[in-house]
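Just below is one structure, and these are the notes that go with it.
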């Protein structure tokens, strides 16, 4: 399956990893060509983020392993796009 885009709900501790460390880990995964990390929630101990990853043939298991190796946690896959081209969501 040619995974081209994933939007993940990811949480991390406030102090570590840094957003840069997380981005570097994600970028190292086979197939990843671009990463966008958007902080959506901060509380005393944790930071919630939407992590958007795009590329060709993204290795999903390796992506989750890379994220978790930094100390962050993947809660869910909120969007998945795969195939020979990207299809944008159409709001009705």
Only residues in segment 63-92 that are without any contact (Cβ under 8 Å) to a residue 24 or more places away in the chain count as the first member; pair them with residues that are surrounded by 14 or more Cβ atoms within 10 Å (Cβ to Cβ) and in a strand (DSSP E or B), Cβ under 6 angstrom, at least 6 apart or cross-chain, and list the lot. 64/74
Output the qualifying pairs, or none if there are none: Cβ atoms under 7 angstrom, residues six or more apart or on different chains, first residue in segment 29-45 and on the phi > 0 side of the Ramachandran plot and at pLDDT 95 or above, second residue outside any strand (DSSP E or B) and surrounded by 11 or more Cβ atoms within 10 Å (Cβ to Cβ). 31/56; 31/57; 31/58; 31/59
Would you check which residues across segment 24-51 are surrounded by fewer than 17 Cβ atoms within 10 Å (Cβ to Cβ) and either in a helix (DSSP H, G or I) or within 13 Å of the chain's Cα centre (by Cα) (or both) and list them? 24, 27, 28, 33, 34, 36, 38, 39, 48, 50
Single residue of segment 1-12 satisfying the filter (farther than 18 Å from residue 89 by Cβ and surrounded by 14 or more Cβ atoms within 10 Å (Cβ to Cβ)) that is farthest from the chain's Cα centre (by Cα): 12
Members of segment 75-84 that are more than 15 Å from residue 35 (Cα to Cα) and either out of contact with any strand residue (DSSP E or B) (no Cβ under 8 Å at 6 or more places or on another chain) or surrounded by 14 or more Cβ atoms within 10 Å (Cβ to Cβ) (or both): 82, 84
Taking the stated definitions as given, is residue 15 modelled with pLDDT of 95 or more and either surrounded by 12 or more Cβ atoms within 10 Å (Cβ to Cβ) or not in a strand (DSSP E or B) (or both)? no
Of all the residues that make up segment 67-92, how many are over 10 Å from the mean Cα position of the chain (by Cα) and part of a helix (DSSP H, G or I)? 2
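The values are calculated or read from the model by the stated rules, or taken from the named source; none is laboratory data. Because the structure is a prediction, the values reported are computed rather than measured. When we count neighbours, we look across all protein chains shown, and the Cβ atoms used for this are built from the backbone with ideal geometry, even at glycine.
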